[in-house]
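The values are calculated or read from the model by the stated rules, or taken from the named source; none is laboratory data. Computed from a prediction, not measured in an experiment: that's the story for all the values here. Here the Cβ is made from the backbone with ideal geometry for all residues, glycine too, and neighbour counts use every protein chain on show. Just so you know, the surface numbers come from the protein's heavy atoms only, side chains and all, with ligands and any DNA or RNA stripped out. Shrake-Rupley method; radii C 1.70, N 1.55, O 1.52, S 1.80 Å.
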Amino acid sequence: MTDTVTDRFLRYVVIDTQSDPQSPSQPSTEKQKNLGRVLVEELLAIGLSDAHLDEHGYIYATIPANTDKQVPVICFCSHMDTAPDFSGTNVKPQILRGYEGGDIRLTGDPQQVIRVSEHPELKNQIGNDIITTDGTTLLGADDKAGIAEIMTAAQFLVANPDIKHGTIKILFTPDEEIGRGVDKVDLKKLGADFAYTMDGSTAGHIEDETFSADGVEITIQGVAIHPGFAKGKMENAIKIAGAIIDRLPRDIGPETTSGRQGFIHPTGVTGAMEKAEIGLIIRDFDNAGLTTKEEMLEAIVKDVMSGYPGSTYTFEVKQQYRNMKEVVDRHPDIVENAIEGIRRAGMEPKRGSIRGGTDGSRLSFMGLPCPNIFAGGHAFHSPLEWVSRQDMERAAKTIVEIARVWEERA
């Protein structure tokens, strides 16, 4: 087989795998299994005889060890679904070969322009081959780039037995984009000691820290009455919800924060005169910051509700994931070996934090410590999403080098 990482990526992105947060099933959309079946076929063709897709949409496979050393079992993981934020149907990938610099106007929607001023990483891509959409869909580099890289590295390791490595596990998950990516993963069956998600962005980056995350659901029960007889009686739940949202401090929204600052972010509001619901997400790098923001939010709700004595509310906090650093720091070899692998793959490693979460956040707290490695994609969840061929190749090489480092240091 002479497949390249780009060939694989272009095959995968045209398969619609968008997940659905409204669906109660796992996977949330059956179409994710369409990609899953393709991947299993390819893994079996590579020679990974245990590759299979389970009923929940997870793919498991093993690259057997080829060394006599006792090497920890490591896993490489990526997710198959694309985000519900923007259409992933009928993706038409475009390749801009030998990028010469400047803004990139997308052919399917000329209003969509990838501007260097907004995507400064493009300055490091001169001469590279840039893959974009036509501007009418997202691309799916999040995280089909990661899948293509793992598949390519797996094929390379099998074809080059002179590269010594321990047992390597492969895990592809559904529904990561809607927060359910590891809900039904079988870690006993997987049998890994440590893992890496290939789900990051800029080449050379490794992230061992994520946000901690909670969701908040506020339900407001107003006082409904015929508007013709409403004076002094009606308490409109829609207006109450609007007042709560309006009171949110503007300096702690995602649009006004960066770096290690957390935020409060309303993600949805529905309602009628009698009842309204507000959904929000709370993010911070430490749990105390989450608590502070949640207390601030509930104080706002109580203050607004004090002006509506006939109305009531409920305030429900649901834990989503926690900062992986708490777990990963207990196993420094995981990050140190990855940093050495990135260096051997020809890049200057950069260690950092994710203003978001990955499957690795929850896997770490489930007993599988799991930092995140770059996959090369940029502008995720949007029609401006892009990735370069060269960065995907660097990521595939990084996987191979990490496997080699673990064996050498065992």
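Numbers for the structure displayed
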quantity	calculated
Accessible surface of region 166-266, 1.4 Å probe, proportion on carbon and sulfur as whole %	52 percent
Contact order relative to length of region 269-410, as percent, for alpha carbon pairs under 8 angstrom and 6 or more apart	20 percent
Local net charge near residue 112, Cβ-Cβ under 14 Å (Lys/Arg +1, Asp/Glu -1)	-2
Helix 32-46 vs. the chain, principal-axis angle (Cα, 0 to 90°, nearest 10)	10 degrees
Rounded tilt (10° steps) of 332-344 against the dominant C-alpha axis of the chain	60 degrees
Sorted largest first, extent of region 171-272 alpha carbons per principal axis (Å)	66, 34, 17
Cβ-derived FRET efficiency at R0 45 Å, residue 287 paired with residue 50, nearest 0.05	0.70
Per residue accessible area in Å² of region 201-289, where ligands, DNA and RNA are left out and the probe is 1.4 Å	48 Å²
Kirkwood-based shape ratio for region 307-358, expressed as Rg/Rh from alpha carbons	1.37
Surrounding net charge for residue 28, when Lys and Arg each add one and Asp and Glu each subtract one, Cβ distance under 12 Å	-3
Over region 258-410: Kirkwood hydrodynamic radius from C-alpha pairwise inverse distances, Å	19.0 Å
Whole-percent carbon and sulfur share, accessible surface of region 74-151, 1.4 Å	45 percent
Cubic angstrom per residue, convex hull over Cα atoms of region 215-257	84 Å³
Loop-located trypsin sites (Lys or Arg not before Pro) in region 1-73, at most 15 other Cβ atoms within 10 Å (DSSP)	69
Counting DSSP beta bridges with both ends in the chain, the antiparallel % (nearest 5)	70 percent
Relative compactness, region 371-410, computed as alpha-carbon Rg over 2.2 N^0.38 Å	1.49
Convex hull of Cα atoms in region 19-122, direction-averaged projection (nm²)	11.1 nm²
37 °C / 0.692 mPa s Stokes-Einstein diffusion coefficient of the chain, Kirkwood radius on C-alpha pairs, µm²/s	145 µm²/s
Cβ-based net charge around residue 348, under 13 Å, with every Lys or Arg adding one and every Asp or Glu removing one	+4
Crossing angle, helix 389-408 versus the chain [Cα axis fit, 0-90 degrees, rounded to tens]	70 degrees
